[in-house]
Amino acid sequence: MLEALTGTGLAASAGLNAYIPLLTMGLLARYTDLIELPGGWQWLSGGWAIGILVVLLAVEMVADKVPVLDHANDVVQTVIRPTAGGLAFGAGSASETVTVSDPGSFFGSHQWVPVAAGVLIALCVHGVKAVSRPVVNASTAGLGAPVASTAEDLGSVLLSLLAILLPVLVLLGLLLMMLGGWWAIRRRRRRKRERQPLEGVGTERLFG
């Protein structure tokens with residue numbers, strides 16, 4: 001199951017930041033022996049691919065730390081992050097890492113399965129991120145956006161490294177992410193309930 005955990009961790013990482021897991025795999029494959037990409041994914045370790053990913057990552061990191069702009073970025077990333085998650089899962093689950101001796105055997109010949117799984121995982125993580133960010137911005141007057149974004153970037157880096165080096169710990173990372181998403185959703189629902197009575201009072205005073 002290590003192949004599945006590696007792919008899952010990389011896809012979840014892409015849900016937080018589309019480019020970090022792809023860049024992590026590319027850099028580690030190019031400069032270390034920690035991961036060996038399969039033939040169809042060797043392009044990730046190419047100089048052009050790494051350069052483009054670095055530029056895209058820089059743009060993403062800036063846009064995601066500015067209130068209002070971060071929401072627009074999340075809308076655009078609704079397509080990009082799941083796509084990156086599919087690529088990361090497909091490449092990671094078929095790679096030979098320091099913890100996998102039989103790469104790709106988990107999925108057999110069904111090459112589309114890991115890509116589809118990665119898309120779904122990244123989409124779910126992205127959804128939680130997109131829901132929680134307005135809560136952070138509203139409760140901190142926008143000051144929490146760069147803090148939350150930095151924490152998400154660090155989480156994406158950590159999850160990518162764990163997926164490659166210690167895939168068993170990916171489960172712990174996913175559990176922490178689910179708890180954070182559950183808290184954010186509850187907080188958002190509570191704020192909606194608190195606003196509804198105030199809106200009703202305002203309407204009564206206007207027309208009463």
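The values are calculated or read from the model by the stated rules, or taken from the named source; none is laboratory data. What you see is a predicted model; the values in this text were computed from it and never measured. Virtual Cβ from ideal backbone geometry, glycine too; neighbours counted across all protein chains shown. Heavy atoms of the whole protein, side chains included, go into the accessibility calculation; ligands, DNA and RNA do not. Shrake-Rupley method; radii C 1.70, N 1.55, O 1.52, S 1.80 Å.
Cβ-Cβ under 6 Å, sequence separation 6+ or interchain: first residue in segment 62-73 and free of Cβ contacts under 8 Å to residues at least 60 places away in the same chain, partner exposed (fewer than 15 other Cβ atoms within 10 Å of the Cβ) and among the hydrophobic types (A, V, I, L, M, F, W, C). Which pairs?
63/69
Which of (1) at pLDDT 85 or above; (2) open to solvent by 60 Å² or more (accessible area, probe 1.4 Å); (3) under 25 Å from residue 3 (Cα atoms) is the odd one out, the single condition residue 172 does not satisfy?
Only one criterion in (1) at pLDDT 85 or above; (2) open to solvent by 60 Å² or more (accessible area, probe 1.4 Å); (3) under 25 Å from residue 3 (Cα atoms) is unmet by residue 172, namely (1).
So which of 22, 34, 28 ends up being under 20 Å from residue 121 (Cα atoms) and touching a residue at least 60 places away in the same chain (Cβ under 8 Å)?
22 is the lone residue from the list that is under 20 Å from residue 121 (Cα atoms) and touching a residue at least 60 places away in the same chain (Cβ under 8 Å).
Does any residue in segment 151-176 that is more than 13 Å from residue 88 (Cβ to Cβ) and without any contact (Cβ under 8 Å) to a residue 60 or more places away in the chain come within less than 8 Å, Cβ to Cβ, of a residue that is open to solvent by less than 20 Å² (accessible area, probe 1.4 Å) and in a helix (DSSP H, G or I) six or more places away or on a different chain, and which pairs are these?
Once the first residue is more than 13 Å from residue 88 (Cβ to Cβ) and without any contact (Cβ under 8 Å) to a residue 60 or more places away in the chain and sits in segment 151-176, its partners that are open to solvent by less than 20 Å² (accessible area, probe 1.4 Å) and in a helix (DSSP H, G or I) give 158/173.
Within segment 5-19, can you find the residues that are assigned to a helix (DSSP H, G or I) and open to solvent by less than 10 Å² (accessible area, probe 1.4 Å)?
Across segment 5-19, the qualifying residues are 6, 7, 9, 10, 11, 12, 13, 14, 15.
Across segment 35-54, what is the total count of residues that are open to solvent by 30 Å² or more (accessible area, probe 1.4 Å) and within 20 Å of residue 155 (Cα to Cα)?
The number of residues fulfilling the criteria is 1.
Looking only at segment 84-92, decide whether some residue is farther than 12 Å from residue 25 by Cα, at pLDDT below 90 and surrounded by fewer than 19 Cβ atoms within 10 Å (Cβ to Cβ).
Scanning segment 84-92, I find no residue that is farther than 12 Å from residue 25 by Cα, at pLDDT below 90 and surrounded by fewer than 19 Cβ atoms within 10 Å (Cβ to Cβ), so the answer is no.
For segment 20-59, how many residues are in contact with a Lys or Arg (Cβ under 9 Å, 6 or more places away or on another chain) and not in a helix (DSSP H, G or I)?
Qualifying residue count, segment 20-59: 1.
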